[in-house]
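**Student:** A single structure is presented below for examination.
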Amino acid sequence: MYVDWEYYKIFYYVAKYQNFTKAARVLGNNQPNITHSMNRLESQLNCVLFTRSNRGVTLTPEGEMLYSRIASAAVQIQDAEEELSASATLEHGSISISATETALNIYLAEKLRTFHTEYPGIRLRISNHSTPQAVQAVKNGEVDFAVISTPAEVEQSLKMVELRPFYEVLVGGKTFTALASRRLTLKELSCYPLISLSDESMTRSFYRQFFLDHDAVLRPDTEAATTDQMLTLVKSELGLAFVPEPMAKELLARGELVELHLQEIIPSRSICLIYDHHRPLNTAARKFQQMLTKAEPGHPAAPEQAENVSFISQ
C-alpha cells in the first residue's frame with residue numbers, strides 16, 4: 001500500500017498540536033485542506049486516527065500507535081534537513097585532505113588558514129603522506145582530495161590540476177660560504193657531503209635521475225625523513241641539500257644558510273591537486289577545491305593536466 005508521505009507529515013502536526021487549524025497555520029496551509037488530507041489518510045489506512053470535537057482532536061489508540069512511529073521519523077528528518085542546511089551554508093561540515101610535506105609548507109597551509117578564517121565551523125582533517133601514498137588515498141576514497149608535490153604518477157581514473165610551480169635551491173651552512181661565489185657542477189658536488197631524503201621518496205628518485213642526466217651519480221652521505229630535518233642538518237653543517245626555495249627563503253635572508261649555484265639548471269616542480277572526478281564532494285570540500293583552483297591576481301587559472309599525466313620531477 002502506498003501512502004503519500006505528505007499525509008504523514010500533516011498527520012504529525014495535527015497530532016502534535018491536536019488541532020487542525022494550528023497545524024494548518026504551521027504548515028502554511030488552510031484548515032479545509034488539512035481536514036481533507038486526514039480524511040484521505042484514514043480512508044487509505046482503513047482506520048480512525050482522530051476523535052474530533054469542537055475543542056480539537058485527540059488520538060485514537062490507532063492514532064497513538066502511528067504517531068509514536070511518525071514522530072520519531074519526523075524528528076530525524078527535521079534534524080537531517082537542519083544539518084543539510086548548515087552544510088549548504090558552510091556553517092558545519094568536514095574536509096579530509098592528504099598532503100605532502102612540501103605542499104603543506106609552501107602552499108596548502110596558507111590556503112587552509114584563509115578558508116578556516118572564512119568558515120570556522122568546517123572541520124579539517126589533514127593527513128601527512130608521501131606523494132604515492134597521497135595518490136593512493138584519493139584512489140581508495142580515504143580523503144576528499146590530495147595536494148601533492150611532483151613528481152607524481154596519476155592513473156587515468158584520477159585528475160591532476162597544477163596549482164603552483166616552485167623551484168629548489170642548493171643550500172649549505174656557513175662553513176660553505178666560500179663556495180657561494182662559484183658555479184659548481186653536479187660532478188663536483190660528489191666532493192662534498194650531501195643530505196637527501198630517503199631512497200624511497202619521489203624527490204630522491206628525481207634527483208637521482210637529474211644527476212644521471214648530467215653524467216653524475218647522487219651519493220648522499222646523510223638521509224633525512226623530512227625537508228625540515230634536512231634544513232636542521234644543513235644548519236648543523238652536516239652537508240649540502242636541495243630544498244624548496246620557499247622553505248629556505250627566511251633562513252637565507254637571516255644568513256643562517258648560504259645558497260650555492262650550479263652550472264646545471266634544476267628542473268622546476270609543481271604543487272598539484274589530485275581528485276577523483278567520479279566521486280562527488282560535499283559542499284565544504286567542493287568550496288575549498290574551488291578556492292584552490294581559482295586564479296589568483298596576476299596568475300592565470302590553474303590548467304588541468306591530462307588525466308594520465310606522469311611527472312618525473314618533484
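The values are calculated or read from the model by the stated rules, or taken from the named source; none is laboratory data. This is a predicted model, so every value here is computed, not measured. No Cβ is skipped: glycine too gets one built from the backbone with ideal geometry, and neighbour counts run over all protein chains shown. Each accessible area value is taken on the protein alone, full model and side chains, heavy atoms only, with ligands, DNA and RNA left out. Shrake-Rupley method; radii C 1.70, N 1.55, O 1.52, S 1.80 Å.
**Student:** Name the residue, out of A295, A284, that is of a type in the set (A, V, I, L, M), out of contact with any helix residue (DSSP H, G or I) (no Cβ under 8 Å at 6 or more places or on another chain) and modelled with pLDDT under 95.
**Tutor:** Only one candidate qualifies: A295.
**Student:** Kindly indicate the residue of the stretch 1-25 that is in contact with a strand residue (DSSP E or B) (Cβ under 7 Å, 6 or more places away or on another chain) and not in a helix (DSSP H, G or I) and also surrounded by the most Cβ atoms within 10 Å (Cβ to Cβ) among those meeting that condition.
**Tutor:** By that ranking, first place goes to N19.
**Student:** Do we have A109 as outside any helix (DSSP H, G or I), over 24 Å from E264 (Cβ atoms) and not assigned by the TED database to the domain that holds E259 here?
**Tutor:** Details: outside any helix (DSSP H, G or I): no; over 24 Å from E264 (Cβ atoms): yes; not assigned by the TED database to the domain that holds E259: yes.
So A109 does not fit the description; no.
Listed here are the residues, each with its yes/no results for (1) open to solvent by 10 Å² or more (accessible area, probe 1.4 Å); (2) assigned to a loop (DSSP other than H, G, I, E, B); (3) not basic (K, R).
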{"site": "Y192", "(1), (2), (3)": "yes, yes, yes"}
{"site": "S196", "(1), (2), (3)": "yes, no, yes"}
{"site": "E223", "(1), (2), (3)": "yes, no, yes"}
{"site": "L238", "(1), (2), (3)": "yes, yes, yes"}
{"site": "H261", "(1), (2), (3)": "yes, no, yes"}
{"site": "C272", "(1), (2), (3)": "no, no, yes"}
{"site": "M291", "(1), (2), (3)": "yes, no, yes"}
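**Student:** A follow-up question, please. Restricting attention to the stretch 198-212, report how many residues are touching a residue at least 24 places away in the same chain (Cβ under 8 Å) and open to solvent by less than 70 Å² (accessible area, probe 1.4 Å).
**Tutor:** Within the stretch 198-212, residues that are touching a residue at least 24 places away in the same chain (Cβ under 8 Å) and open to solvent by less than 70 Å² (accessible area, probe 1.4 Å) number 9.
**Student:** Follow-up question, since we're still on this one. Looking at V147, is it part of a strand (DSSP E or B) and either surrounded by 14 or more Cβ atoms within 10 Å (Cβ to Cβ) or small (G, A, S) (or both)?
**Tutor:** Here the answer is yes, as V147 does meet what is asked.
**Student:** Looking at the stretch 104-130, which of its residues are in contact with a Phe, Trp or Tyr (Cβ under 9 Å, 6 or more places away or on another chain), under 19 Å from F166 (Cβ atoms) and not aromatic (F, W, Y)?
**Tutor:** The answer is I106, K111, L112.
**Student:** I've got another one for you. Has the stretch 69-86 got at least one residue that is of a type outside the set (D, E), modelled with pLDDT of 90 or more and open to solvent by less than 70 Å² (accessible area, probe 1.4 Å)?
**Tutor:** Looking through the stretch 69-86, none of the residues is of a type outside the set (D, E), modelled with pLDDT of 90 or more and open to solvent by less than 70 Å² (accessible area, probe 1.4 Å).
**Student:** Another question, then. Which of the following residues is open to solvent by 30 Å² or more (accessible area, probe 1.4 Å) and either assigned to a strand (DSSP E or B) or touching a Ser or Thr at 6+ places or on another chain (Cβ under 6 Å) (or both): P246, P267?
**Tutor:** Result of the check over P246, P267: P267.
**Student:** Let me ask you something else. Taking the conditions exactly as written (in contact with an Asp or Glu (Cβ under 8 Å, 6 or more places away or on another chain), touching a residue at least 40 places away in the same chain (Cβ under 8 Å) and either of a type outside the set (V, I, T) or surrounded by 12 or more Cβ atoms within 10 Å (Cβ to Cβ) (or both)), does T185 satisfy them or not?
**Tutor:** Judged against the criteria, T185 is a match.
For (1) open to solvent by 20 Å² or more (accessible area, probe 1.4 Å); (2) part of a loop (DSSP other than H, G, I, E, B); (3) closer than 30 Å to K249 by Cα, each residue gets a yes or a no:
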residue: I97; (1), (2), (3): no, no, yes
residue: A103; (1), (2), (3): no, no, yes
residue: R113; (1), (2), (3): yes, no, yes
residue: H116; (1), (2), (3): yes, no, yes
residue: V138; (1), (2), (3): no, no, no
residue: G141; (1), (2), (3): yes, yes, no
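**Student:** Could you tell me which numbered condition V169 fails, if it satisfies all but one of (1) assigned to a strand (DSSP E or B); (2) in contact (Cβ under 8 Å) with a residue 60 or more places away in the chain; (3) crowded, with 21+ Cβ neighbours inside 10 Å?
**Tutor:** For V169, the exception is condition (3).
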